[in-house]
Amino acid sequence: MLQKCEGIVIRTTDYGETNKIVTIYTREWGKIGVMARGAKKPNSRLSSISQLFTYGYFLVQRGTGLGSMQQGEIITSMRSITEDLFLTAYASYIVELTDKCTEEKKPNPFHFELLYQTLNYMNEGFDPDVLMNIYEMKMLNVLGLYPTLNQCSVCGNTDGHFSFSIREGGFICHRCIGKDPYHFKITPATVKLLRLFYYMDLSRLGNISVKDQTKAELKQVISAYYDEYSGLHLKTKKFLDSMDKFRHML
């Protein structure tokens, strides 16, 4: 049965000499895998539509198993991302995180919109660190993780000076700091942004300017929380971290 869907290519795997298996995150059906026959041939009509990060319409022959891509129409190829090594690294992490956190054929239009907006903002030149952190915070619920970000995770107070406790799973106030000697000391700006990134609607994103110190704190807290609770070990994250070190050496 031939059906049309709107989607973003989040993974491609070579299959044989000329074919590709393409994983698409779709608005209508969630994550699906399709065979793109001949897509590795440069003159194939499926060559460009089956590239990573491509956003478009796909005509798919669906069955019980792996479907097959018949044709597609590109809306945007996210060219600014694909032409920039650093942006490609950020976007690769975003799509791998999406792939690892979502199940096949479980539609989630909200999540589709989040993925599209994140990549689109990145393509338009918004700060990739900020976009990555927002996406990471938004993915926590998908992973079944619910950090305490609106009060102290120990006493429930909403006022005071807050740190972040991996052990307690969220903010910890100055009164309860002794409960976790390994807490992260963070600035009020980081407290505010962690909360904002978790709750905000990405479509309302303006040009958020974040200081380097705050970025470093956000990265430290979010990475530590993921390491402790997500069970994910993503190649793209390791590559991104090594690129980050290289960039700071330049």
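Conditions tested, residue by residue: (1) assigned to a loop (DSSP other than H, G, I, E, B); (2) of a type in the set (Phe, Trp, Tyr); (3) touching a strand residue (DSSP E or B) at 6+ places or on another chain (Cβ under 8 Å); (4) touching a residue at least 24 places away in the same chain (Cβ under 8 Å).
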position	(1), (2), (3), (4)
Gln3	no, no, yes, yes
Thr12	no, no, yes, yes
Gly33	no, no, yes, yes
Ser48	yes, no, yes, yes
Gln51	yes, no, yes, yes
Phe58	no, yes, yes, yes
Ser68	no, no, yes, yes
Leu87	no, no, no, yes
Tyr93	no, yes, no, yes
Identify all residues within segment 133-150 that are without any contact (Cβ under 8 Å) to a residue 24 or more places away in the chain and either on the phi < 0 side of the Ramachandran plot or not in a loop (DSSP other than H, G, I, E, B) (or both); write none if there are none. Asn141, Tyr146, Thr148
Limited to segment 36-59, what total is found for residues that are buried (at least 20 other Cβ atoms within 10 Å of the Cβ) and over 20 Å from the mean Cα position of the chain (by Cα)? 5
Of all residues in segment 60-106, which are farther than 27 Å from Lys237 by Cβ, aliphatic (A, V, I, L, M) and buried (at least 16 other Cβ atoms within 10 Å of the Cβ)? Val60, Met69
For segment 145-193, which residues satisfy the criterion of being hydrophobic (A, V, I, L, M, F, W, C), closer than 19 Å to Glu217 by Cβ and touching a strand residue (DSSP E or B) at 6+ places or on another chain (Cβ under 9 Å)? Leu149, Cys152, Phe162, Phe164, Ile166, Phe171, Ile172, Cys173, Ile177, Phe184, Ile186, Val191
Can you name every residue in segment 218-232 that is part of a helix (DSSP H, G or I), of a type outside the set (Val, Ile, Thr) and touching a residue at least 24 places away in the same chain (Cβ under 8 Å)? Leu218, Lys219, Gln220, Ala224, Tyr225, Tyr226, Glu228, Tyr229
Give segment 132-142 a look and list any residue that's modelled with pLDDT of 95 or more and touching a Cys at 6+ places or on another chain (Cβ under 9 Å), or say none. Met139
Hits in segment 78-107 (condition: over 12 Å from the mean Cα position of the chain (by Cα) and under 20 Å from Tyr226 (Cβ atoms)): Glu103
Answer with yes or no whether Val154 is in a loop (DSSP other than H, G, I, E, B), surrounded by 15 or more Cβ atoms within 10 Å (Cβ to Cβ) and in contact (Cβ under 8 Å) with a residue 12 or more places away in the chain. yes
Those residues that are surrounded by fewer than 22 Cβ atoms within 10 Å (Cβ to Cβ) and at pLDDT 95 or above, I need them from segment 6-16; list them, please. Glu6, Arg11, Thr12, Thr13, Asp14, Tyr15
Looking at Val142, Val130, can you tell me which residue is closer than 30 Å to Thr54 by Cβ and surrounded by fewer than 18 Cβ atoms within 10 Å (Cβ to Cβ)? Val142
In segment 233-250, which residues are under 17 Å from Val95 (Cα atoms) and either among the hydrophobic types (A, V, I, L, M, F, W, C) or not in a helix (DSSP H, G or I) (or both)? His233, Leu234, Phe239, Leu240
Among the candidates Ser163, Ser209, Ser203, which residue alone is hydroxyl-bearing (Ser, Thr, Tyr) and surrounded by 13 or more Cβ atoms within 10 Å (Cβ to Cβ)? Ser163
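The values are calculated or read from the model by the stated rules, or taken from the named source; none is laboratory data. This structure is a prediction, so every number in the text was calculated from the model and none was measured. We place every Cβ from the backbone using ideal geometry, glycine too, and count neighbours over all the protein chains shown.
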